[in-house]
Amino acid sequence: LTANIFQTMFNQRLEEQKRRPDPPFLEGYAYKYGYVEAASMFVLGAEVADDGVLRGLETLLTEARRVELHGFTPGELARARAELLRQMEQQYLERDKTESRALAWGYLANFTRASAYPDAGTELELAREMLPGITLEEVNALAGELITRDNRVYLASAPEKDGLAVPSGNDIRRLAAAVEGREVEPYADNMAGRELMKSRPKPGRVARTKRFPGLGMIRWTLSNGAQVYLKPTDFKNDEVLLRCFAPGGTSLADSAGFPSALFAAQVVSEGGLGDFDRVELEKHLAGRIAAASPWIRGYDQGITGSASPADLELMLQMVHLGFTAPRRDSAAFASFLARTAAGLRHRDARPETALADSFQLIMGGRSFRARPVTSEVLAGVGLDASVEFYRRRFADASGFTFILVGSFDPDSVRPLVEAYLGGLPGRGRRERWRDTGMRYPAGAAERSLRKGIEHKSSVRMAFVSEFTWSQRDRLLADALSDYLDIRLREAVREDRGGTYSIWSYAQSTAEPVPQCAVHIGFGTAPERSGELTAAVFAVADSARNSPMPEAYLAKIREINLREWETKTRENGYWAGLLQQYLRHGEDPGRITEYPAAVKALKSEDIRRAALRHLDPRRYVKVSLFPEGWEAVPEGR
């Protein structure tokens, strides 16, 4: 427990360093690891910009030195204790819902290392007894044990790039010696004891109620026009999930404002919430299970939230402030831009990035909205423009739909819903997303790329088609994808031995017009790319022209029914499914018709879906080869 507390507090300090306006690294971490039974190691690490190895290492060593000289603070200890205790309380509350894999890892550690493996109740009881007795002096004393001078190893890796100088061993040793000789100021724990909201907002009221008995769900229409769907479940004892959404999204931004709109939700999230900056907010949430993250996509915007039942009010406060008090923080914005720019440089160095970017651009009809995020796009992001776009998107709750799924009683949460959701501004504004003109290509589109030196090829392709947005058509597209998955594995991996992995999935979208894309991807040797691509088209031809054998149909039914049985015991699945149906104006009561629809699937249904969605005249294909590779013609 003491080591866990030490690690938690150290990582929180690294998180604060990451959020500086000129951050020394993209991510920093610290952990103790038992490498073998008789020995362990304390690891400090960071992901840095290409030229940031020494600066990132200097920050890690400086923070280690700060802990050695001055230790941690009482406030940090209190938050770490609360965080650890809350994790164990959640584990206890979910003890009868624990997944088998978690139990298996505990049994394995007990068998291989003789590690104690108490039940959740005993572990919580011990934690409650022991945690208050762990003193700051005990935790600080661990610094002498974990941060040692002997057996210290420095490891740095960097990409091979022209003009990029990698620090030498002597450079690193000189830096370490310099940090050792410095005066390091104590850590300043700037955390005032204040609440996220001083009082509840003036509540609205539930104006109308509708029940969905077949789903165990209620809909409240609030006085501000917002709709709230509530589905209590017993799938998890300590989990409540929230989804909310409304139409609009980045489709309402023009070309000049698009970069700022694209990053608006992230920019606001990085700034914190209400009167709390991001670091203060994370400290405030220590020991509590509550989160609320805004998002803005192409055609809608919303907030995704989660909480324990005990912290449900805190999550709803965060949702309320996400609408009414988004925070503009120039320092957080500078930090976000610096970290994102460094991440883009790392991303652009990978050959697979060129493949993904080219595929995305072609699938988006080469619209500026389908462009990959580059340093040029990032340069067009403005703090004021992002915050303003965000405010406009969340200015009126009357067009929003809220979904709550999990462990709660509707009568108990009603006052919270009326206060924090019913108390949001509702002006009766009815907005829609705008048709941006993005469409899949009308014919065949192919491109070959040369990047990287490794002797391998990657192929990404998609058959594209018009679509009818309905439960049945989505099921048929998914069933077709399941069939392709089996046949492609047999024909390409097993019969030809051409790849370790080949995959497919169907992606159907409703906006701006209903469309379907059946995606397929695989990696292989460059000289076999044409052969295996031809095999993929042959499998698609067979799916269009030949009835599916009954054995495959039985397998597809079995896969989908088993998945339904498993996933419908998950809060997240219901939250996502309800969001999908409600967002597109479908009757959520039809959700429970899915098993019957699966059982009614016929081989001819899937062949007709193949005729519609595997048109050999309409597809996108992008192939990646090593630099200088002369491609073998890709015969059909």
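The values are calculated or read from the model by the stated rules, or taken from the named source; none is laboratory data. In this text, all values refer to a predicted model and were calculated from it rather than measured experimentally. Methodologically, a virtual Cβ is constructed for each residue, glycine included, from the backbone with ideal geometry; neighbour enumeration extends over all protein chains shown.
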| request: Only residues that are touching a residue at least 24 places away in the same chain (Cβ under 8 Å) and assigned to a helix (DSSP H, G or I): list them for region 138-150, please. | output: Glu138, Val139, Asn140, Leu142, Ala143, Gly144, Leu146
| task | Might you check whether a residue that is assigned to a strand (DSSP E or B), modelled with pLDDT of 95 or more, polar (S, T, N, Q) and surrounded by 17 or more Cβ atoms within 10 Å (Cβ to Cβ) occurs anywhere in region 249-272? | result | no
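Rundown of residues vs (1) out of contact with any Asp or Glu (no Cβ under 6 Å at 6 or more places or on another chain); (2) on the phi > 0 side of the Ramachandran plot; (3) hydrophobic (A, V, I, L, M, F, W, C); (4) not assigned by TED's automatic domain parsing to the domain that holds Asp22, yes/no style:
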{"position": "Thr340", "(1), (2), (3), (4)": "yes, no, no, yes"}
{"position": "Leu344", "(1), (2), (3), (4)": "yes, no, yes, yes"}
{"position": "Arg366", "(1), (2), (3), (4)": "yes, yes, no, yes"}
{"position": "Pro372", "(1), (2), (3), (4)": "no, no, no, yes"}
{"position": "Glu376", "(1), (2), (3), (4)": "yes, no, no, yes"}
{"position": "Ala395", "(1), (2), (3), (4)": "yes, no, yes, yes"}
{"position": "Leu404", "(1), (2), (3), (4)": "yes, no, yes, yes"}
| Flag for Leu230 being touching a residue at least 24 places away in the same chain (Cβ under 8 Å) and either more than 30 Å from Gln12 (Cβ to Cβ) or not assigned by TED's automatic domain parsing to the domain that holds Leu77 (or both) | yes
| message | Quick check on this structure: which one of Gly45, Gly28 is in contact with a Lys or Arg (Cβ under 7 Å, 6 or more places away or on another chain), part of a strand (DSSP E or B) and modelled with pLDDT of 90 or more? | response | Gly28
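Let me confirm something: among Ala554, Ala575, which residue is over 30 Å from Phe245 (Cα atoms), in a helix (DSSP H, G or I) and aliphatic (A, V, I, L, M)? Walk me through how you get there before you give the answer.
Working: Ala575 fails: over 30 Å from Phe245 (Cα atoms).
None of the other options fit; the residue is Ala554.
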| query | Which residue, of Arg81, Arg86, is under 19 Å from Arg288 (Cα atoms), surrounded by 15 or more Cβ atoms within 10 Å (Cβ to Cβ) and touching a helix residue (DSSP H, G or I) at 6+ places or on another chain (Cβ under 6 Å)? | reply | Arg81
| message | Condition first: over 22 Å from Ala286 (Cα atoms) and either aliphatic (A, V, I, L, M) or touching a Leu at 6+ places or on another chain (Cβ under 6 Å) (or both). Now tell me which residues in region 73-126 satisfy that. | response | Ala102, Leu103, Ala104, Leu108, Ala109, Ala114, Ala116
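Can you tell me which residue in region 286-303 is surrounded by the most Cβ atoms within 10 Å (Cβ to Cβ), limited to those that are within 21 Å of Glu15 (Cβ to Cβ) and either touching a residue at least 60 places away in the same chain (Cβ under 8 Å) or among the acidic types (Asp, Glu) (or both)?
Taking the candidates together, the pick is Pro294.
Taking the options Ala156, Ala104, name whichever one is hydrophobic (A, V, I, L, M, F, W, C), out of contact with any strand residue (DSSP E or B) (no Cβ under 6 Å at 6 or more places or on another chain) and not in a loop (DSSP other than H, G, I, E, B).
Values: Ala156 fails: not in a loop (DSSP other than H, G, I, E, B).
The unique qualifying residue is Ala104.
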| task | Among what's in region 342-371 and is part of a helix (DSSP H, G or I) and without any contact (Cβ under 8 Å) to a residue 60 or more places away in the chain, pick the residue that is farthest from the chain's Cα centre (by Cα). | result | Leu361
| query | Of all residues in region 44-64 being within 14 Å of Phe6 (Cα to Cα) and more than 26 Å from the chain's Cα centre (by Cα), which is surrounded by the most Cβ atoms within 10 Å (Cβ to Cβ)? | reply | Glu63
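Answer with yes or no whether Pro547 is in contact with a Ser or Thr (Cβ under 7 Å, 6 or more places away or on another chain) and closer than 24 Å to Asp482 by Cβ. Write out each step before concluding.
Values: in contact with a Ser or Thr (Cβ under 7 Å, 6 or more places away or on another chain): yes; closer than 24 Å to Asp482 by Cβ: yes.
Yes.
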| message | Looking at Val387, Val381, Val377 in this structure, which one is farther than 25 Å from Lys621 by Cβ, touching a helix residue (DSSP H, G or I) at 6+ places or on another chain (Cβ under 9 Å) and not in a helix (DSSP H, G or I)? | response | Val381
| note | Flagged pairs (Cβ under 6 angstrom, 6 or more apart or on separate chains; first in region 8-20, within 15 Å of Leu57 (Cα to Cα); second in a helix (DSSP H, G or I)) are Arg13/Glu63; Gln17/Thr59
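Filter region 389-404 for residues that are of a type outside the set (Gly, Ala, Ser) and under 28 Å from Pro309 (Cα atoms); which is farthest from the chain's Cα centre (by Cα)? Break it down stepwise before answering.
Within region 389-404, the first condition is being of a type outside the set (Gly, Ala, Ser), and the residues that meet it are 389-394, 396, 400-404.
In the following step, the residues that additionally are under 28 Å from Pro309 (Cα atoms) were identified as 394, 396, 400-404.
Values: Phe394: 22, Asp396: 26, Phe400: 22, Thr401: 22, Phe402: 20, Ile403: 19, Leu404: 20 Å.
For region 389-404, the residue satisfying everything is Asp396.
Matching residues to (1) in a strand (DSSP E or B); (2) over 28 Å from the mean Cα position of the chain (by Cα); (3) closer than 30 Å to Lys202 by Cα:
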position: Ala419; (1), (2), (3): no, yes, yes
position: Leu424; (1), (2), (3): no, no, yes
position: Thr436; (1), (2), (3): no, no, no
position: Met461; (1), (2), (3): yes, no, no
position: Val464; (1), (2), (3): yes, no, no
position: Arg472; (1), (2), (3): no, yes, no
position: Glu511; (1), (2), (3): no, no, no
position: Cys516; (1), (2), (3): yes, no, no
position: Gly521; (1), (2), (3): yes, no, no
